[in-house]
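Got a structure for you, questions after.
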Amino acid sequence: MLGLSTGCQKEELLENQFASPVAIEGLTHGQPIEGQYIIVFKNNDTVVSEGKAGELSAVRTSALKIRQKLYDASGIEPADVSQVYEGVIKGFAARLTEEQLAAIRKRPEIAYVEQDRYVYLSKASKAIFTKFGNTKDNGNGKNKPAAPEEPTPTPTEPAPAEPEPTEPAPSEPTPAEPTTPKESAPAAPAYTTITPVAGEQVPWNIELVGYGDGTGKTVWVIDSGIDTDHPDLNVDLNRSLSLIYQNPSVEDGYGHGTSVAGIIAAKNNGSGIIGVAANATIVALRVFDDAGAGTLSRAINAVNHVGNNGKPGDVVNLSLGSGMSTTLDNAVKTAAAKGILFAIAAGNSAVDCYESSPARVDAPGVYTVSAMDNYLRLWERSNYGAAVDFAAPGVNVTVTTKGGGIGGGAFGTSMAAPHVAGVLLLRGTVFSQGTITGDKDNTPDPIASVK
C-alpha cells in the first residue's frame, strides 16, 4: 500500500498492486486514528449455534444493555459511535476523549481496548479493453488499449508451463496429489464443470487455477462495494450491506471490490470473462469509500456480520489488512469455527506476514494467499511466510471493472486471494498443482487449483 515510518514499516500494505506495483497511496495507511478506539466486551468468544435465532437475539440484547450502561457512565454520545459489534464479537467503536478512554478501561465489562487504524486501497486498475459499452479511449484519439506497466516481463499471450487446467473435465475431477494444509477440512465434494459459452473469455489466471459452476453458492466480498449493475456479476442486494457510517450505499465508487468479485464469480454468459466459481452469488460488504479509504473497525464489523449471518460453506474474501489486530483475528477465527471459509490476501510489503492481521491467522478454514506471476514465480512485492497456505495469480490479472467493463493489468495479493475464494466455493478446500519458485521463506507455496 504505502511506505510507513519506523515502527509501522511492517504494517500490511496490501493494495499496492495495480498499474504501478510500487505506488505510494499515503502515509496514513496502517497508522492509528487519533482518538478512535475499538472496545470489546468480555465473553466475546461465544459462538451462536446454527439455527438458534433466539440465542443470537439474547446475545444482542445483553450487548445492548452493556453498551448503553457504558455510554451513560462515560458520557459517550451516539454521534461518537461509528460501529456496533453484536454476536460473535460484542462491543463498539467510537471516538473517545482521554478521560472517557481511561474510564472505559477500568470498567469490569471490558475485555480490552484496541486503537482503530486507517486502511487504504490502491487505485483501481485501468480498463485495457471493454466488453460492455464503448471501447475505452486511451487519450490519443484512437480506441486502442494502453499497455499496463508490469513488474516483470509478461508475454502477450501468457502460457503457463504447468499445470494445464484449461479443459473442464467431463466427469468428477480427482486431484493426483492434492495439497490440503488445513488437515481438519472436510472431504472436498465434486464440483460441476462448465464449458465457456461462445464469446466468453477465459483469462490466463483463470485457466491456471481452473473453474466451474458456482451457481447457488455465496461469497461475501468485504471491500469497496460492488458495481451492482455490472452485467457479468450476480449481486445479492438484499444481503449486501455498507458498514460506512451514515452511507448505506454498497455501490463501488472505487473499483477494487468489483475487480475482486469478477475473479471469483464472473458469469459464464458469453459477454465478459469467466470467474473461478462462475455464476456464484456475491454479497457486498462495503468498508472502503469512494476514495479507497477505510478503517480497521469497519473491517471487524464486516467479518462479525458474516459470522452472525453466514452459513457453513459460505466463503469470505478479505483483500485487506492493517497491522496486528486481536479483534480482527478473533472475528475471523470465530466465524471460521462455524464452517465459514476465508480467503485472505498475504499483503504487498515483501515481508513475512507474521505481524499482519488477518493474514497471520492460522486456523481451519482460513487460507492466506501469496501472489505469483504467469511464470509461476512469487511476485516481488508479495508477502510470504509460514502463515501463507497457497499462491495464486496476482500479476497482470484480468478483472471486471466498475462501469460494466473488463480490464487488464491488475496486480497484487488482493487479486490472488479471490482465486482461492473461488476454489473454496467449488470444492470446500483447496488443491494444488505444483509449487512456485522464488519463495523468500525457502518453503515454496503450493499453487492453488480446483483439482
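The values are calculated or read from the model by the stated rules, or taken from the named source; none is laboratory data. This one's a predicted model, so the numbers in the text were calculated from it and none came from an experiment. Here the Cβ is made from the backbone with ideal geometry for all residues, glycine too, and neighbour counts use every protein chain on show. Just the protein is used for accessible areas: all its heavy atoms, side chains included, with ligands, DNA and RNA removed. Shrake-Rupley method; radii C 1.70, N 1.55, O 1.52, S 1.80 Å.
Tell me, in nm to one decimal, what length is gained between ILE110 and ASN43 on full extension, where the rule is 0.36 nm per residue of separation less the Cα-Cα distance?
That pair, ILE110 and ASN43, stretches by 23.2 nm at full extension.
On to the next question. Could you derive backbone 3J(HN,Hα) for the stretch 85-94 from the dihedral phi with the Karplus parameters 6.51, -1.76 and 1.60 (θ = phi - 60°), listing whole Hz in sequence and x where the residue is Gly or Pro?
Taking θ as phi minus 60°, the curve returns 9, 10, x, 5, 10, 10, x, 6, 10, 7 Hz for the stretch 85-94.
Also, quick follow-up: Could you rank GLU86, GLU77, GLU34 by how accessible they are, 1.4 Å probe, largest area first?
Largest accessible area first, the residues go GLU34, GLU77, GLU86.
Let's test the formula: R0 of 41 Å, r as the Cβ-Cβ distance of ASP441 and SER249. What FRET efficiency results, to the nearest 0.05?
With R0 = 41 Å, the Cβ-Cβ based efficiency is 0.50.
Report the net charge of residues surrounding LEU233, where surrounding means a beta-carbon distance below 12 angstrom and charges are Lys +1, Arg +1, Asp -1, Glu -1.
Numbers: positive: LYS267, LYS402; negative: ASP227, ASP229, ASP232, ASP236, ASP252.
That works out to -3.
To continue, here is another question. Going 7 Å from the Cα of TYR71 in the Cα-to-Cβ direction, what parts of the stretch 91-108 have a backbone nitrogen less than 15 Å from that spot?
Under cut-off, by backbone N: 91-96.
Taking 0.36 nm per intervening residue step and subtracting the Cα-Cα distance, what contour gain separates ALA102 from VAL197 on full extension?
28.0 nm
Another one. What are the ³J(HN,Hα) values, in whole Hz, obtained from phi via the Karplus relation 6.51 cos²θ - 1.76 cosθ + 1.60 with θ = phi - 60°, for each residue of the stretch 281-293 in sequence order, with x given for Gly and Pro?
7, 9, 10, 8, 10, 8, 10, 10, 8, 5, 9, x, 9
Once amide H atoms are placed 1.01 Å from N in the peptide plane, what residues at a sequence separation of 5 or more from ILE447, or on another chain, have their amide H within under 5 Å of its amide H?
Excluding prolines and chain starts, which carry no amide H, the hits are ALA391, GLN433, GLY434, THR435, ILE436.
OK, next. Using a cut-off of 12 Å between beta-carbons, work out the net charge of the residues near SER370 (Lys and Arg +1, Asp and Glu -1, SER370 not included).
Around SER370, the surrounding residues sum to -4.
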